[in-house]
Structure formats: C-alpha cells, structure tokens
Amino acid sequence: MSWPEDWQARVDGTACGFCAEGRPQESAVGLRIYAGDVSDAYLSRRAMVRGYAVVIWRGRHVIDPHHLSAQEAASFHLETLRVGAALERYYEPLKINYSTLGNRVPHLHTHVTTRYWDDPAPGGPLPDGPNYEVPPDQLAADAAALRQVLH
C-alpha cells in the first residue's frame, strides 16, 4: 500500500473532499447531528460499532490541530467534546474514544467512537476492519435523537 498519487493536492486543499462539500446535512460520511461554530459532526452510515461519529473542522483547510490558532483549537476541541458527551448520554457506552488521524483524508477531523462490552476489540483501539452499513431507519432515528441531545 502507498500514499495516493494526489496526496499533495489533498494536503494543500486543492483536492479536499471535506472542503469541497461545504456543510451539508447529509454527506458521504453520514447524517449531520451537529453544526457548531467551527465544526460539523456526522453520525456515520458505516460503522464497526453503533454510535460512531466524525467531527469535521469547517474553517480554512488544515490537516492537523497544531495548524489552528489557540482559539480555533479550543473551539474545535470543545465542540468535539460536546459530541462525545451526547454520544455517551444517548448510547450509554462503556467508553468514548477520540482519534484524530487524517491518514486517508488529510483535513482536520476527529473520529468519536463509542465502545461497548461486546465490541470487536475490548481494551484496545478498533481495528481497521469491516464496517457494517447502519440500517437507514436506525441511522435516521439515532441522528434525530442525537440532534435533540445536542440542542
């Protein structure tokens, strides 16, 4: 496996899918559950565990949190924590994981993952493995409920 040929264009933002999509209610990731001042959070339509969300930075194109000003970083972090708290309240998992990677999509975003007794990797990070398609009715119902929790 190697880095994609358009990696530099993704890094500099000229081929950034997150920048190009704007702030849609529904994206390739999933259904928007939160529109903050600096981020959008989406409940993922494909997940290894129920309640997997992605918080996407919606300011200028940056790839890592250290590229933000102190105020931007604080705002992004607080909005990400707000999403994590809502996931915890609604799903009642054992633990919430926060992962800021960007190795596939080099645009600042954080994966917020609920963890359960029966999840596929208790005590460790979720493996890069098979995700299941969340049934559309369940995805819509969970997204609506989470919007209420986040309101």
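General observations
- Estimated inter-spin distance, Trp7 and His66, nm [label 7 Å along Cα→Cβ]: 1.8
- Estimated from the Cβ-Cβ distance and a Förster radius of 22 angstrom, the FRET efficiency linking Ala140 and Ala28 is about 0.85.
- Of Met48, Met1, the order by accessible heavy-atom surface (1.4 Å probe, DNA, RNA and ligands excluded), from most exposed downward, is Met1, Met48.
- When all protein chains stay in place and ligands, DNA and RNA are ignored, the 1.4 Å accessible-area order of Asp40, Asp118, largest first, is Asp118, Asp40.
- Computed from Cα positions, the angle between helix 70-91 and the longest principal axis of the chain comes to roughly 20 degrees.
- For the stretch 110-150, carbon and sulfur atoms together expose 62% of the accessible surface, with a 1.4 angstrom probe and every protein chain in place.
- Solvent-accessible heavy-atom area per residue, rounded to whole Å², over the chain at 1.4 Å: 56
- Amide proton proximity set for Ile33, modelled H, under 5 Å, gap of 5+: Ala41, Tyr42, Leu43
The values are calculated or read from the model by the stated rules, or taken from the named source; none is laboratory data. Bear in mind the structure is a predicted one, so any value in this text is a computation, not a measurement. Glycine gets a Cβ as well: all are built from the backbone with ideal geometry, and neighbour counts include every protein chain shown. Heavy atoms of the whole protein, side chains included, go into the accessibility calculation; ligands, DNA and RNA do not. Shrake-Rupley method; radii C 1.70, N 1.55, O 1.52, S 1.80 Å.
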